[in-house]
Amino acid sequence: MSEFDYDVLVIGAGPGGYVAAIRAAQLGLKTACAESRETLGGTCLNVGCIPSKALLHASEFYEEAAGGALAKLGVKIDKMSLDLDTMQGQRKDAVKGLTGGIEFLFKKNKVDWLKGRASFTGANTVEVGGQTVTARNIVIATGSSVTPLPGVEVDNDKGLIVDSTGALELDKVPDHMVVIGGGVIGLELGSVWRRLGSKVTVVEFLDQILPGMDGEVRKEANKIFKKQGFEYKLGTKVTGAEAHKKGVRLTVEPAAGGASETIEADVVLVSIGRRPNTDGLGLDKIGLELNARGQIETDHDFATKVSGIWAIGDVIPGPMLAHKAEDEGIAVAENIAGLTGIVNHAVIPSVVYTKPEIAGVGLTEEAAKERGAVKVGKFPMLANSRAKTNHEPDGFVKVIADAETDRVLGVWIIATVAGTMIAQAAQAMEFGASSEDIAYTCHAHPTHSEAIKEAAMAVTGKPIHM
């Protein structure tokens, strides 16, 4: 009989946590996962990546039908209307199917789901839902939650000042939505409601949208979204928001200082980022401190400084992305089992699921140039035969390579299927590819991915179709 109830206890059943639990169980370890939500899958499956993509996909169809794009292809619709209840219903069905799928996988792999919030009472001891549980190894995978904005109080139930969760649940299309924050989540959810008929104004503290992305990509995205109807107030900070019967009165002023002004909106979406979930974990009971950003520090194996305690996903440094957490979940389980689990944090793709999509992996051109001389190849989607046939002219592919070795350092894409295209770039970089390797790889024709080949050809020579 083991002195512990479990070999591995994972706290949190988001993309990092549920994957860690399943992998640990597959490796023969007695595993449990503590989760306080009524469904598994964390923010991503319940109120994040999955439901937002369901609405993005549906709203794209609506806009194409309503905006005449289908008519240009010879698809004529005499009468059409928005059935928001049905659109929201298919979102809920997608979530239900996927969260139920994880519950099935837990049963299949004999992972015990401990329902309730977990809190440390000692190094190997946790209290969950009124019971005490011991484990030889405990993995903290509690994810992140919306960063609050001082002076702007979110109340999702009222549906006036909302966060990303509330923005998914709106039961009518607002006439005017103000999005506070020009990052990924704000632009995606802003896109949904803009397509369905809202006027959307993005208020961003910085002087450009999509912080952290390649500079050229940010500028091009700004232009594309403006053309679609987004309004921007860049270099602007929000100083207050007052909800009233008819909507919200927002007070803003220039970030650099200056006269304030008010904006009237039906709905305000607060989307300024996310912060790690560590409150209530009882980390002080095990002597685990947080860094200056409120994160848990780990070593290369995802072990914390406390023996037997590990951490992955949004609670540790690095991009707050579901796929990063998933890879770390597999790696930490393998490390606990005595195998070698590694995540290459230099090759983590990121995607914005707007239309067109925006994706990147590796270094931005700015970051690459700080490290040394680079060569850059670019190819516009306008010259790609599949994009042209599909009437999808916006965007480009950009390949950044080391000037001396030709090793690919970063790839950035704006294209309707950029999120799918970026996988090729990530895999090439994982294998240490040169731009020449990509340029001399045969790509199927006609595909959007040929633009990656042509951009790679542009690094050391010339693309054919330019």
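Karplus-derived 3J(HN,Hα) values for the range 233-248, using 6.51 cos²θ - 1.76 cosθ + 1.60 with θ = phi - 60°, are 10, 8, x, 10, 10, 8, 9, x, 8, 10, 7, 9, 4, 8, x, 9 Hz; glycine and proline are entered as x. Projected onto its three principal axes, the C-alpha set of the range 103-220 covers 52, 36, 36 Å, listed from the longest axis down. Could you give each residue of the range 131-147 its phi-based ³J(HN,Hα) in whole Hz, using Karplus coefficients 6.51, -1.76, 1.60 with θ = phi - 60°, and x for Gly or Pro? So the Karplus estimates, Gly and Pro as x, are 10, 9, 10, 10, 8, 5, 10, 10, 9, 8, 9, 8, x, 9, 9, 4, 6 Hz. A compact globular protein would have a Cα radius of gyration near 2.2 N^0.38 Å; the ratio found for the chain is 1.04.
The lysines whose alpha-carbon is closer than 18 Å to the alpha-carbon of K375, local same-chain residues fewer than 8 away aside, are K398, K453, K462. For the range 288-340, the Cα gyration tensor yields ellipsoid semi-axes of 18, 15, 6 Å (square root of five times each eigenvalue, largest first, whole Å).
Orientation-averaged projection of the range 323-405 equals 8.0 nm² [convex hull of Cα atoms, one quarter of hull surface area]. Rg/Rh for the range 190-348 (Cα atoms only, Rh after Kirkwood) is 1.08.
Taking a straight Cα-Cα cut-off under 26 Å and skipping sequence neighbours fewer than 8 places away in the same chain, the lysines within cross-link reach of K92 are K53, K107, K108, K115, K158, K172, K199, K324, K355. Taking every lysine pair in the range 204-291 that is 8 or more places apart or spans two chains, those with Cα atoms closer than 21 Å amount to 5.
Only helices enter this figure: runs of n ≥ 4 DSSP H residues, each worth -39500 (n - 2.57), summed and divided by the residues of the chain, yield -10000 deg cm²/dmol at 222 nm to the nearest 500. Using only the Cα atoms of the range 1-133, each taken as one equal point scatterer with no solvent, compute I(q) by the Debye sum, divide by I(0), and report log10 of the ratio at q = 0.09, 0.12 Å⁻¹. With one equal scatterer per Cα and no solvent, log10 I(q)/I(0) is -0.41, -0.59. Over the range 366-466, the hull volume per residue, using the convex hull of the C-alpha atoms, is 88 Å³.
Of the beta bridges DSSP finds with both residues in the chain, what % are antiparallel, to the nearest 5? Around 60 percent of the beta bridges assigned by DSSP in the chain are antiparallel ones. Computed over the range 286-442, the alpha-carbon pair-distance distribution with 10 angstrom bins reads 10, 31, 30, 20, 7, 1, 0, each value a whole percent. One quarter of the convex hull surface built on the alpha carbon atoms of the range 263-353 amounts to 8.7 nm², the projected area averaged over directions.
Over all orientations, the range 56-167 has a Cα convex hull whose mean projected area works out to 12.8 square nanometres.
All of the numbers you see were taken from the coordinates with simple rules; none came from a lab. What you are looking at is a predicted structure, and each value in this text was computed from that prediction instead of being measured.
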